[in-house]
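Enquirer: Please see the structure below; I have some questions.
The values are calculated or read from the model by the stated rules, or taken from the named source; none is laboratory data. This is a predicted model, so every value here is computed, not measured. Backbone-built Cβ (ideal geometry, glycine too); neighbour counts: all protein chains shown. Please note that ligands, DNA and RNA were not included when accessible areas were found on the heavy atoms of the full protein model with its side chains. Shrake-Rupley method; radii C 1.70, N 1.55, O 1.52, S 1.80 Å.
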Amino acid sequence: MPTEVISDLVTKVKSGDKTFLRAGETSVHKVVIGNGSSTALLNIVFKDTMTAGATHVPGTVTVDGVPQPTYDPVAGFSLNNLAPGASTTVAYTIVADTPVTNSSVTDVGQLTYDINDPSFGVRSITDQTNPFTLILVSGNILVKKSVDKAFAVIGDTLTYTSVVSNTGNVEATSLTFFDPIPTFTSFVANSVTIDGAPKPAFNPAVGFPLPSLAVGQSVTVVFNVLVTG
(Lines give C-alpha, C1' and ligand atoms only; values in the text may rest on other atoms or scores of the structure.)
Protein backbone atom coordinates (compact mmCIF):
# COMPACT_ATOMS: atom_id res chain seq x y z
CA MET A 1 0.00 0.00 0.00
CA PRO A 2 1.57 3.36 -1.01
CA THR A 3 2.22 6.04 1.60
CA GLU A 4 0.20 9.22 1.13
CA VAL A 5 1.92 12.58 1.54
CA ILE A 6 -0.86 14.32 3.44
CA SER A 7 0.52 17.84 3.14
CA ASP A 8 0.44 17.54 -0.64
CA LEU A 9 -2.99 15.94 -0.77
CA VAL A 10 -4.61 18.53 1.51
CA THR A 11 -4.79 21.64 -0.68
CA LYS A 12 -4.85 25.09 0.91
CA VAL A 13 -5.21 27.80 -1.74
CA LYS A 14 -5.38 31.44 -0.65
CA SER A 15 -6.54 34.22 -2.99
CA GLY A 16 -7.85 37.78 -2.81
CA ASP A 17 -10.16 40.01 -4.81
CA LYS A 18 -7.60 42.83 -5.26
CA THR A 19 -3.97 43.29 -6.19
CA PHE A 20 -3.55 46.87 -4.95
CA LEU A 21 -5.02 48.44 -1.83
CA ARG A 22 -5.21 52.13 -0.95
CA ALA A 23 -5.41 53.58 2.56
CA GLY A 24 -8.65 52.49 4.23
CA GLU A 25 -9.69 50.18 1.40
CA THR A 26 -10.79 46.62 2.06
CA SER A 27 -10.08 43.31 0.35
CA VAL A 28 -11.81 39.95 0.71
CA HIS A 29 -9.44 37.02 1.11
CA LYS A 30 -10.47 33.45 0.52
CA VAL A 31 -8.90 30.09 1.44
CA VAL A 32 -10.18 26.91 -0.21
CA ILE A 33 -9.24 23.78 1.74
CA GLY A 34 -9.62 20.46 -0.05
CA ASN A 35 -9.05 16.97 1.28
CA GLY A 36 -7.55 14.89 -1.51
CA SER A 37 -6.35 12.14 0.84
CA SER A 38 -8.06 8.87 1.73
CA THR A 39 -8.52 9.77 5.40
CA ALA A 40 -10.71 12.29 7.20
CA LEU A 41 -9.27 15.53 8.56
CA LEU A 42 -10.29 15.92 12.19
CA ASN A 43 -10.21 18.75 14.75
CA ILE A 44 -9.37 21.35 12.10
CA VAL A 45 -8.28 24.79 13.32
CA PHE A 46 -7.71 27.70 10.95
CA LYS A 47 -5.56 30.74 11.77
CA ASP A 48 -4.39 33.67 9.71
CA THR A 49 -1.50 36.11 10.12
CA MET A 50 -0.49 39.23 8.22
CA THR A 51 2.57 41.41 8.09
CA ALA A 52 2.25 45.07 9.12
CA GLY A 53 0.16 47.34 6.91
CA ALA A 54 -3.37 45.98 7.29
CA THR A 55 -5.68 44.40 9.85
CA HIS A 56 -8.53 41.90 9.85
CA VAL A 57 -12.01 43.40 9.93
CA PRO A 58 -13.93 41.93 12.90
CA GLY A 59 -17.11 40.00 12.18
CA THR A 60 -16.41 39.36 8.49
CA VAL A 61 -15.52 35.65 8.53
CA THR A 62 -17.68 33.30 6.48
CA VAL A 63 -17.36 29.54 6.16
CA ASP A 64 -18.87 28.10 2.97
CA GLY A 65 -20.76 31.37 2.59
CA VAL A 66 -22.29 31.26 6.08
CA PRO A 67 -21.42 34.31 8.26
CA GLN A 68 -19.50 33.50 11.43
CA PRO A 69 -19.37 36.90 13.19
CA THR A 70 -17.66 35.60 16.34
CA TYR A 71 -14.78 33.94 14.50
CA ASP A 72 -11.37 35.60 14.81
CA PRO A 73 -8.78 34.63 12.18
CA VAL A 74 -5.88 35.80 14.35
CA ALA A 75 -6.93 33.77 17.40
CA GLY A 76 -8.04 30.88 15.20
CA PHE A 77 -11.32 28.98 14.97
CA SER A 78 -12.50 25.41 14.41
CA LEU A 79 -13.84 23.99 11.16
CA ASN A 80 -15.97 20.91 10.58
CA ASN A 81 -14.19 17.63 9.86
CA LEU A 82 -13.43 17.06 6.19
CA ALA A 83 -14.13 13.64 4.70
CA PRO A 84 -12.00 12.40 1.79
CA GLY A 85 -12.89 14.37 -1.32
CA ALA A 86 -14.61 17.16 0.62
CA SER A 87 -13.69 20.83 0.71
CA THR A 88 -14.53 23.99 2.63
CA THR A 89 -14.03 27.71 1.93
CA VAL A 90 -13.05 30.32 4.49
CA ALA A 91 -13.36 34.02 3.63
CA TYR A 92 -12.72 37.23 5.59
CA THR A 93 -12.03 40.91 5.00
CA ILE A 94 -8.90 42.93 5.67
CA VAL A 95 -8.48 46.73 5.66
CA ALA A 96 -5.36 48.74 4.83
CA ASP A 97 -3.96 51.10 7.44
CA THR A 98 -4.83 54.80 7.21
CA PRO A 99 -2.46 56.38 6.39
CA VAL A 100 -0.55 53.68 4.51
CA THR A 101 2.21 52.39 6.80
CA ASN A 102 3.97 49.90 4.55
CA SER A 103 4.61 49.23 0.87
CA SER A 104 2.92 45.80 0.91
CA VAL A 105 1.20 43.32 3.18
CA THR A 106 1.53 39.53 3.04
CA ASP A 107 -1.20 37.24 4.33
CA VAL A 108 -0.61 33.57 5.22
CA GLY A 109 -3.12 31.08 6.59
CA GLN A 110 -2.29 28.16 8.88
CA LEU A 111 -4.19 24.91 9.13
CA THR A 112 -3.83 22.43 12.00
CA TYR A 113 -5.65 19.11 11.85
CA ASP A 114 -5.51 15.51 13.04
CA ILE A 115 -5.55 12.28 11.05
CA ASN A 116 -6.01 8.75 12.27
CA ASP A 117 -2.96 6.84 11.01
CA PRO A 118 -3.60 3.07 11.20
CA SER A 119 0.09 2.50 11.97
CA PHE A 120 0.73 5.30 14.48
CA GLY A 121 -2.69 6.38 15.73
CA VAL A 122 -3.79 10.00 15.81
CA ARG A 123 -1.27 12.44 14.36
CA SER A 124 -1.44 16.24 14.39
CA ILE A 125 -0.31 18.09 11.26
CA THR A 126 0.24 21.80 10.66
CA ASP A 127 0.32 23.23 7.12
CA GLN A 128 0.41 26.71 5.67
CA THR A 129 -1.37 28.23 2.70
CA ASN A 130 0.47 29.95 -0.10
CA PRO A 131 1.39 33.54 0.89
CA PHE A 132 -0.79 36.22 -0.69
CA THR A 133 0.74 39.70 -1.09
CA LEU A 134 -1.08 42.97 -1.69
CA ILE A 135 0.67 46.15 -2.81
CA LEU A 136 -0.32 49.05 -0.56
CA VAL A 137 -0.74 52.19 -2.61
CA SER A 138 0.11 55.61 -1.26
CA GLY A 139 -1.03 58.06 -3.94
CA ASN A 140 0.20 61.32 -2.46
CA ILE A 141 0.50 64.49 -4.54
CA LEU A 142 2.31 67.46 -2.98
CA VAL A 143 1.86 70.97 -4.42
CA LYS A 144 4.20 73.81 -3.44
CA LYS A 145 3.02 77.20 -4.70
CA SER A 146 4.94 80.49 -4.69
CA VAL A 147 4.57 84.00 -6.12
CA ASP A 148 7.29 86.36 -7.30
CA LYS A 149 6.11 89.47 -5.36
CA ALA A 150 5.21 90.01 -1.72
CA PHE A 151 3.64 93.42 -2.47
CA ALA A 152 1.96 94.72 -5.61
CA VAL A 153 0.09 97.69 -7.03
CA ILE A 154 -2.59 97.94 -9.68
CA GLY A 155 -1.12 97.13 -13.06
CA ASP A 156 1.55 94.77 -11.72
CA THR A 157 1.91 91.27 -13.10
CA LEU A 158 2.24 88.43 -10.61
CA THR A 159 3.88 85.16 -11.59
CA TYR A 160 2.67 82.06 -9.75
CA THR A 161 4.79 78.91 -9.74
CA SER A 162 3.41 75.55 -8.57
CA VAL A 163 5.65 72.50 -8.25
CA VAL A 164 3.52 69.34 -8.33
CA SER A 165 5.34 66.27 -6.93
CA ASN A 166 4.42 62.60 -6.67
CA THR A 167 5.39 61.68 -3.10
CA GLY A 168 3.48 58.39 -3.17
CA ASN A 169 4.70 54.91 -4.05
CA VAL A 170 2.90 54.41 -7.40
CA GLU A 171 2.69 56.34 -10.65
CA ALA A 172 0.19 59.21 -10.54
CA THR A 173 -2.02 59.37 -13.63
CA SER A 174 -5.03 61.37 -14.88
CA LEU A 175 -3.86 64.49 -13.07
CA THR A 176 -5.73 67.77 -13.48
CA PHE A 177 -4.33 71.15 -12.37
CA PHE A 178 -6.84 73.69 -11.08
CA ASP A 179 -6.07 77.01 -9.39
CA PRO A 180 -8.72 79.73 -8.93
CA ILE A 181 -7.58 83.22 -9.93
CA PRO A 182 -7.15 85.50 -6.86
CA THR A 183 -9.63 88.27 -6.17
CA PHE A 184 -8.71 91.66 -7.68
CA THR A 185 -6.64 90.02 -10.41
CA SER A 186 -7.31 88.67 -13.89
CA PHE A 187 -5.63 85.76 -15.64
CA VAL A 188 -3.11 86.72 -18.32
CA ALA A 189 -4.11 84.71 -21.37
CA ASN A 190 -1.51 82.47 -22.97
CA SER A 191 0.77 82.72 -19.91
CA VAL A 192 0.69 79.08 -18.77
CA THR A 193 3.84 76.98 -19.09
CA ILE A 194 4.44 73.40 -17.97
CA ASP A 195 8.09 72.63 -17.35
CA GLY A 196 8.88 75.69 -19.49
CA ALA A 197 6.76 74.63 -22.45
CA PRO A 198 4.08 77.20 -23.43
CA LYS A 199 0.46 76.04 -23.19
CA PRO A 200 -1.46 78.92 -24.76
CA ALA A 201 -4.88 77.28 -24.57
CA PHE A 202 -4.64 76.43 -20.85
CA ASN A 203 -6.42 78.36 -18.10
CA PRO A 204 -5.87 77.42 -14.43
CA ALA A 205 -9.32 78.68 -13.45
CA VAL A 206 -10.87 76.12 -15.81
CA GLY A 207 -8.32 73.36 -15.18
CA PHE A 208 -6.04 71.45 -17.51
CA PRO A 209 -4.33 68.03 -17.62
CA LEU A 210 -0.84 67.34 -16.34
CA PRO A 211 1.45 64.54 -17.52
CA SER A 212 1.65 61.34 -15.49
CA LEU A 213 4.22 61.46 -12.71
CA ALA A 214 6.45 58.54 -11.79
CA VAL A 215 7.28 58.04 -8.12
CA GLY A 216 9.43 60.97 -7.00
CA GLN A 217 8.86 62.95 -10.21
CA SER A 218 7.71 66.58 -10.31
CA VAL A 219 6.25 69.00 -12.85
CA THR A 220 6.32 72.81 -12.67
CA VAL A 221 3.33 74.94 -13.65
CA VAL A 222 3.72 78.70 -14.13
CA PHE A 223 1.11 81.33 -14.99
CA ASN A 224 0.60 85.10 -14.68
CA VAL A 225 -2.17 87.30 -13.36
CA LEU A 226 -2.66 91.06 -13.68
CA VAL A 227 -3.46 93.07 -10.54
CA THR A 228 -6.67 94.97 -11.33
CA GLY A 229 -7.58 96.32 -7.91
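Enquirer: Multiplying the sequence separation of Glu171 and Ser38 by 0.36 nm and subtracting their Cα-Cα distance, what value in nm do you get?
Expert: Taking 0.36 nm per residue and subtracting the Cα distance, the gain is 42.9 nm.
Enquirer: Let me ask something additional. Using a 1.4 Å probe over the heavy atoms of the protein chains, calculate the carbon and sulfur portion of the accessible area of the chain as a whole percent.
Expert: C and S fraction of accessible area: 57 percent.
Enquirer: Among 35-43, 167-175, what's the highest-first ranking by average C-beta atoms within 10 angstrom per residue?
Expert: Going by the mean number of other Cβ atoms within 10 Å, highest first, we get 35-43, 167-175.
Enquirer: Mind checking which of Ser119, Val90, Gly216 is farthest towards the positive end of the chain's charge dipole, using Cβ charges of +1 (Lys, Arg) and -1 (Asp, Glu) about the Cα centre?
Expert: Of Ser119, Val90, Gly216, it is Gly216.
Enquirer: Tell me the per residue accessible area of the chain using a 1.4 Å probe; a whole number in Å² is fine.
Expert: With all protein chains present, the chain gives 54 Å² per residue.
Enquirer: Let me ask something else. What value does the chain have for Rg/Rh, both radii from Cα atoms and Rh as Kirkwood defines it?
Expert: 1.30
Enquirer: Quick one: what do you get for segment 114-227 if you divide its Cα Rg by 2.2 N^0.38 Å?
Expert: On the way: Rg = 27.1 Å, N = 114, 2.2 N^0.38 = 13.3 Å.
Rg over 2.2 N^0.38 Å, computed on Cα atoms: 2.04.
Enquirer: I want the local charge near Asn43. Using Cβ-Cβ distances under 12 Å, sum +1 for each Lys or Arg and -1 for each Asp or Glu among the other residues.
Expert: 0
Enquirer: Give me the count of lysine pairs in the chain whose alpha carbons sit under 27 angstrom apart, restricted to pairs 8 or more positions apart or on different chains.
Expert: For the chain, the number of qualifying lysine pairs is 10.
Enquirer: Further question on the same structure: Taking a spot 7 Å from the Cα of Thr70 along the direction of its beta carbon, which residues of segment 32-48 have an amide N less than 17 Å from it?
Expert: Only 46 fall inside the zone, counting backbone N under 17 Å.
Enquirer: Could you go through segment 153-168 in sequence order and give the Karplus-derived ³J(HN,Hα) for each residue, using 6.51 cos²θ - 1.76 cosθ + 1.60 with θ = phi - 60°, rounded to whole Hz, and x for Gly and Pro?
Expert: 3J(HN,Hα) across segment 153-168, in whole Hz: 10, 4, x, 6, 9, 9, 10, 9, 10, 10, 9, 9, 10, 8, 9, x.
Enquirer: Output wanted: per-residue J couplings in Hz (rounded whole) for segment 138-150, from phi through Karplus 6.51 cos²θ - 1.76 cosθ + 1.60, θ = phi - 60°, x for Gly and Pro.
Expert: 10, x, 9, 10, 10, 10, 10, 10, 9, 10, 7, 9, 7
Enquirer: Please give the residues of segment 68-99, grouped as numeric ranges, whose backbone N is less than 19 Å from a label point set 7 Å along the Cα-to-Cβ vector of Val28.
Expert: 68-73, 88-96
Enquirer: Under a Cβ-only charge scheme (Lys and Arg +1, Asp and Glu -1), can you give me the dipole magnitude of the chain about the Cα centre, in debye to the nearest 20?
Expert: 520
Enquirer: Multiply the residue separation of Val122 and Ile141 by 0.36 nm, subtract the distance between their alpha-carbon atoms, and state the gained length in nm to one decimal.
Expert: 1.0 nm
Enquirer: Another one. What longest region of the chain stays clear of chymotrypsin sites (Phe, Trp or Tyr not before Pro) that DSSP places outside H, G, I, E and B and that have at most 15 other Cβ atoms within 10 Å?
Expert: Details: sites that count: Phe120, Phe151, Phe178, Phe184.
Counting at most 15 other Cβ atoms within 10 Å as exposed, the longest clean stretch of the chain is 1-119.
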